[in-house]
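Enquirer: Here it is: the structure, laid out below.
The values are calculated or read from the model by the stated rules, or taken from the named source; none is laboratory data. This structure is a prediction, so every number in the text was calculated from the model and none was measured. Cβ placement follows ideal geometry from the backbone for every residue including glycine, while neighbour counts extend to all protein chains displayed.
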Amino acid sequence: MRVTHGMTNAPLARMTLEKSAELTGWLGNRGVRFQPALIGTLNLGRTNAFFLGGGRALLNSLCRHAEDLEVSFAYDTRVSDLELRDGTCQAVTLADGRIITPRKVIATAGGFEANLDWLAEGWGGAARNFLVRGTPYNTGTVLRSLLDGGAASVGELDQCHAVAIDARAPKYDGGIASRIDGVPFGIVINRDGARFYDEGEDFWPKRYAIWGRLVAGQPDQIAYAILDSVGVTRFMPSVFTPISDASIEGLAEQVGLVPAAVQATVETFNAACPPGPIDQSVLDGHSTSGLQPEKTNWAAPIRKPPFFAFPLRPGITFTYMGVEVNDRAEILMQDGRPATNLYAAGEIMAGNILGQGYLAGIGMTIGAVFGRIAGEQAARRLNRVTAGDTS
Ligand SMILES: Cc1cc2nc3c(=O)[nH]c(=O)nc-3n(C[C@H](O)[C@H](O)[C@H](O)COP(=O)(O)OP(=O)(O)OC[C@H]3O[C@@H](n4cnc5c(N)ncnc54)[C@H](O)[C@@H]3O)c2cc1C
């Protein structure tokens, strides 16, 4: 409730958290392997599990397991439409023109984060400057079909997970390597050379997910993390080499900002920093005084050359608006009744749990918990129907 400020379906959220406890065992029994948490800016070993080999290794293990159970996959096959009538999916149309008459459908086609036109309905023109961290295929075609066919929607258009990523990352699919984790160890300025948020508000794992939205709120959706040669050593290096210069003014010139404005911001910031070293292992309360906004932890002057800049853009991970579901992962229709043969799992229904905010690992957790439930429910209903019980 604290994370979402009450914008959650509390019973479903509780169920998700409870069932998450079974996931490592369940996945492990299907060939998925885990590795210990890395020590670093995302030190989440107590609360999170990490896949050995990352998400693709997870997918490969689950696909192999499914193939052993004689599940077949149709690769490179785009769904272009679902035909819904009275809460029943009658037909699934594929982009190549084929039409499937389904018995059960589990919608797992992601959110609409790769559809900049749809994002613009919630974000306005700012959406054009978003970089999409994941696949370009999550354009929301299936979600749109479901909503147009009468499924109940949940969540708001502009709610999403978005982080600050290097502005030099590709438009789509830059992945985790483009995230910039240096924000707490320097300052972040906008196009006008002004700071706009407390860079040291909390530990980075608790704050990284708000910075996409913060950068999205700045003119032209661009910002710059500015660090000195001490600050730049305090976090996991990015794949992108920072822009560097022997002077702040030279750095500003290189990134196309007004040198005098950036110099003034850095000087004002440095003068507001308290004396003495910072301790990044705790919330050290080493705060500036007299600034608007203050930097409330790890405030150290930016004065040891060379100086570094990382250009930042909002990197959207996934959208929250989706279809409403119940605890059996059945899609609910606008009249409140469950659809007869439609289930949903993952981003396409994430808004049931996440109205806003984010909790590290909850994306995969929602997908895994509801994917498991949807699969079990659909299979159970199919087996019952096969056995002659149509209840
Ligand atoms: C860079 C990055 C880092 C992340 N890090 C984390 C993390 O650390 N922890 C965490 O919990 N979560 C993380 N996530 C989020 C997590 O990956 C997602 O929550 C999860 O993958 C959602 O699963 P899904 O099955 O709903 O969607 P996806 O995994 O996106 O799968 C959707 C699939 O549907 C396909 N598709 C879309 N439209 C169609 C169509 N019309 N027809 C046919 N197929 C279609 C797509 O090609 C895609 O293969 C991260 C995401 C990104 C992008």
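Enquirer: Evaluate the following for G134: is it in a loop (DSSP other than H, G, I, E, B), within 16 Å of the ligand (Cβ to nearest atom) and either touching a helix residue (DSSP H, G or I) at 6+ places or on another chain (Cβ under 9 Å) or more than 30 Å from P306 (Cβ to Cβ) (or both)?
Expert: The answer is yes for G134.
Enquirer: Could you tell me whether region 172-189 includes any residue that is more than 11 Å from the ligand (Cβ to nearest atom) and over 30 Å from C273 (Cα atoms)?
Expert: Keep residues of region 172-189 that are more than 11 Å from the ligand (Cβ to nearest atom), which gives 180-189.
Pick out the ones that are also over 30 Å from C273 (Cα atoms) and you get none.
No.
Enquirer: Further question: For A95, state whether it is within 15 Å of the ligand (Cβ to nearest atom) and not hydroxyl-bearing (S, T, Y).
Expert: Numbers: within 15 Å of the ligand (Cβ to nearest atom): yes; not hydroxyl-bearing (S, T, Y): yes.
Yes: the conditions hold for A95.
Enquirer: Return a yes/no flag: does region 44-54 have any residue that is at pLDDT below 95, more than 9 Å from the ligand (Cβ to nearest atom) and surrounded by 16 or more Cβ atoms within 10 Å (Cβ to Cβ).
Expert: Yes, region 44-54 has at least one match.
Enquirer: Which residues, taken from region 74-92, are within 11 Å of the ligand (Cβ to nearest atom) and outside any strand (DSSP E or B)?
Expert: A74, Y75, D76, T77, R78
Enquirer: Let me ask another. Please go through region 306-329 and pick out each residue that is crowded, with 24+ Cβ neighbours inside 10 Å and away from the ligand (no atom under 16 Å from the Cβ).
Expert: F307, F310
Enquirer: Taking only region 137-165 into account, find how many residues are buried (at least 22 other Cβ atoms within 10 Å of the Cβ), more than 10 Å from the ligand (Cβ to nearest atom) and within 30 Å of S238 (Cα to Cα).
Expert: The number of residues fulfilling the criteria is 3.
Enquirer: Please work out which one of (1) not assigned by TED's automatic domain parsing to the domain that holds A344; (2) not in a loop (DSSP other than H, G, I, E, B) is the condition G124 fails and give its number.
Expert: (1)
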